[in-house]
Amino acid sequence: MKKFFALALFYFCIVINAQTENTKIPPPVTLNRTEVHKLISKANGVTYPIFISLPGSYYNTDKTYPVVYMLDAYSSFGIVTQTAKLMAFNKELPELIIVGISSEGGSKEFIYNRARDFTPTYVPPDKLPDDSRLMLPASGGAEKFLEFIKNELIPFVESNYRIEQNERTLIGHSLGGLFASYVLFNQTDLFNRYVMISPALAWDDNFIFKQEKDFFEKNKTLPVKIYTAAGSFEPKEFLETWKEFSLFVGSRKYEGLKMKTEIAEGETHYTIIPFLVTHGLKYVFSE
């Protein structure tokens, strides 16, 4: 009888172990030549996962590479990095180091963090349109976020990777495009190339227009290369604000400014995201 129970227990353990093995969650897909670092910002106390995408040739050479800083890496890192690598393979882009600034937690935290970090002014939720309140639970943290990028993130990247000096690009979509515009007029020399796709320029009663006006009163040069686009299927108010801003900046005739504006026919606010690479990076890195 003891022998029977021992054998029964043995086979029971085998079955349970097999079931456990079969129910294990498979490992996640990872992107080749990518790394993750976590930086705790001294500027605002927020922990930022930093996604780094390295060129395929990085470990086979000692050359330096241009660096692209991208916002919204939580949602768009894969789209941007894989498309950029395919285009580099086809000689449509140089090989790039792409630095994605991500967010801890899930989608709820992502929405909160980007709303806080990408907006240059605080707007009380009850002052926002009803359909925007869920996507804008916080605001007004752009100054601290820019301080983090300038004083913490860029020094970290440039001390740990082979970066081509004075070759920095900033790309952003929607609120990320708003933040890129804010950087453009407040810390102009931090980046020399900007890609702003469907930027949310109507924020706080067109606040960014006032920023540009203040900038123009003191500066007649703007030595950067800019690509900006919006989808033809964007909401009318959104698209009209973008058009107005593009014409406004173009009319200034800034010395040194190279800028391309484009309406993406048939694209919505989200289908236009690949334009960050396929049109934006392609233009700013063109001869």
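Scanning the stretch 187-205 for residues that are within 22 Å of the chain's Cα centre (by Cα) and at positive phi, which turns out surrounded by the most Cβ atoms within 10 Å (Cβ to Cβ)? The residue in question is Ser198.
Checked against (1) over 21 Å from Pro120 (Cβ atoms); (2) assigned to a helix (DSSP H, G or I), Lys260 meets all criteria but (2).
Mind counting the residues in the stretch 75-99 that are aromatic (Phe, Trp, Tyr) and buried (at least 17 other Cβ atoms within 10 Å of the Cβ)? Before the answer, list the steps.
Of the residues in the stretch 75-99, the ones aromatic (Phe, Trp, Tyr) are 77, 89.
Within this subset, residues satisfying the condition of being buried (at least 17 other Cβ atoms within 10 Å of the Cβ) are 77.
The qualifying residues number 1.
Criterion first (at pLDDT 85 or above, among the aliphatic types (A, V, I, L, M) and more than 18 Å from the chain's Cα centre (by Cα)) does Val123 satisfy it? Here the answer is yes, as Val123 does meet what is asked.
Selection within the stretch 263-284: residues that are without any contact (Cβ under 8 Å) to a residue 40 or more places away in the chain and under 16 Å from Lys243 (Cα atoms). The member of this set that is surrounded by the fewest Cβ atoms within 10 Å (Cβ to Cβ) is Glu265. Screening the stretch 245-257 for residues that are outside any loop (DSSP other than H, G, I, E, B) and over 22 Å from the mean Cα position of the chain (by Cα) and picking the one that is surrounded by the fewest Cβ atoms within 10 Å (Cβ to Cβ) gives Ser251.
I'd like to know if the stretch 217-225 contains one or more residues that are crowded, with 17+ Cβ neighbours inside 10 Å, out of contact with any Pro (no Cβ under 6 Å at 6 or more places or on another chain) and either in a helix (DSSP H, G or I) or charged (D, E, K, R) (or both). Before the answer, list the steps.
Looking only at the stretch 217-225, we keep the residues that are crowded, with 17+ Cβ neighbours inside 10 Å, and these are 222, 224-225.
Next cut, out of contact with any Pro (no Cβ under 6 Å at 6 or more places or on another chain) only: 222, 224-225.
In the following step, the residues that additionally are either in a helix (DSSP H, G or I) or charged (D, E, K, R) (or both) were identified as 225.
For the stretch 217-225, residues crowded, with 17+ Cβ neighbours inside 10 Å, out of contact with any Pro (no Cβ under 6 Å at 6 or more places or on another chain) and either in a helix (DSSP H, G or I) or charged (D, E, K, R) (or both): present.
Please indicate, with yes or no, whether at least one residue in the stretch 121-139 is of a type in the set (Val, Ile, Thr) and within 18 Å of Leu276 (Cβ to Cβ). Steps first, please.
Narrowing the stretch 121-139 to residues of a type in the set (Val, Ile, Thr): 121, 123.
Then drop every residue that is not within 18 Å of Leu276 (Cβ to Cβ), which leaves none.
No, the conditions are met nowhere in the stretch 121-139.
Would you check if there is a residue in the stretch 100-118 being under 17 Å from Arg168 (Cα atoms) and either surrounded by fewer than 19 Cβ atoms within 10 Å (Cβ to Cβ) or of a type outside the set (S, T, N, Q) (or both)?
Scanning the stretch 100-118, I find at least one residue that is under 17 Å from Arg168 (Cα atoms) and either surrounded by fewer than 19 Cβ atoms within 10 Å (Cβ to Cβ) or of a type outside the set (S, T, N, Q) (or both), so the answer is yes.
The values are calculated or read from the model by the stated rules, or taken from the named source; none is laboratory data. Just so it is clear, the structure is predicted and the values come from calculations on it, not from any experiment. Note that we place each Cβ from the backbone using ideal geometry, even for glycine, and neighbour counts take in every protein chain shown.
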